[in-house]
Amino acid sequence: MWSSASASFALDDVLANVTRHQSAIADSHTPRTDERVSAVLVALADGPHGAEVLLTRRSETLSNHKGEISFPGGRVDPDEDVVSAACREAREEVGLDVHPARIHGRLNSLSTFVSKSYIVPVVATVDANPALSLHDAEVDRAFWIPLCELAAPDVFEWEWWSFNRPTDPERPMFFFYLHDETVWGATARVLHELLCVVHGVDHREPR
């Protein structure tokens, strides 16, 4: 577990690790023919306990992943790149404005089976305690959580899941059990990689 490894959750140290991680981003993973490219914003801010990350809870009225914890994000339009899409979606969903100079890279892309999305996580920083304005049709809640809390003992668990596809192997499914929410699926996979980057361990192995 991460608790066995030393880590600094200071925002500057987290960003330095994210910058170093850019050389390890896999380039071989490309969207499947049935996938639509999406981008999410992994927004970090400086808090009393170090770096914090912004999470949202998707509206119960949405057709896919309703009520789940996620990052601000959505489909990439034909005329934009993943960074522009992630920033636009964050502005539309929670009223968060991100300056281009505060984009610090990305994490590895990932695919989802339910919504057939190819998701690119974009890492950015914003000022502490920014004013948020939720788009009620898409987001029920937005909250900041310290990375050190996500890495605390008994918060993270994982297990092997089978998706009943003969050609697919079992896959690790990640869960973060917060005091009032459970994070799982693609969002948990992104958070797992981010915490592995912070701790300097291999994100490809469940921890």
Response to the item:
Checked against (1) closer than 25 Å to residue 172 by Cβ; (2) at pLDDT 95 or above, residue 23 satisfies every condition except (2)
Worksheet item: So which residues in segment 123-157 are at pLDDT 90 or above and over 23 Å from residue 12 (Cα atoms), if there are any at all?
Response: 132, 133, 134, 141, 142, 153, 154, 155, 156, 157
Worksheet item: Which members of segment 91-110 meet the condition of being more than 13 Å from the chain's Cα centre (by Cα) and among the polar types (S, T, N, Q)?
Response: none
Discussion item. Checking the conditions here, which among 60, 68, 52 is surrounded by 14 or more Cβ atoms within 10 Å (Cβ to Cβ) and modelled with pLDDT under 95?
Written reply: 68
Discussion item. Condition check: modelled with pLDDT of 90 or more, under 27 Å from residue 6 (Cβ atoms), buried (at least 18 other Cβ atoms within 10 Å of the Cβ) and among the small types (Gly, Ala, Ser). Does residue 188 satisfy that?
Written reply: yes
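The values are calculated or read from the model by the stated rules, or taken from the named source; none is laboratory data. Quantities reported herein were computed from a predicted structural model and do not represent experimental measurements. Cβ coordinates were reconstructed from backbone atoms using ideal geometry, including for glycine residues, and neighbour counts include every protein chain displayed.
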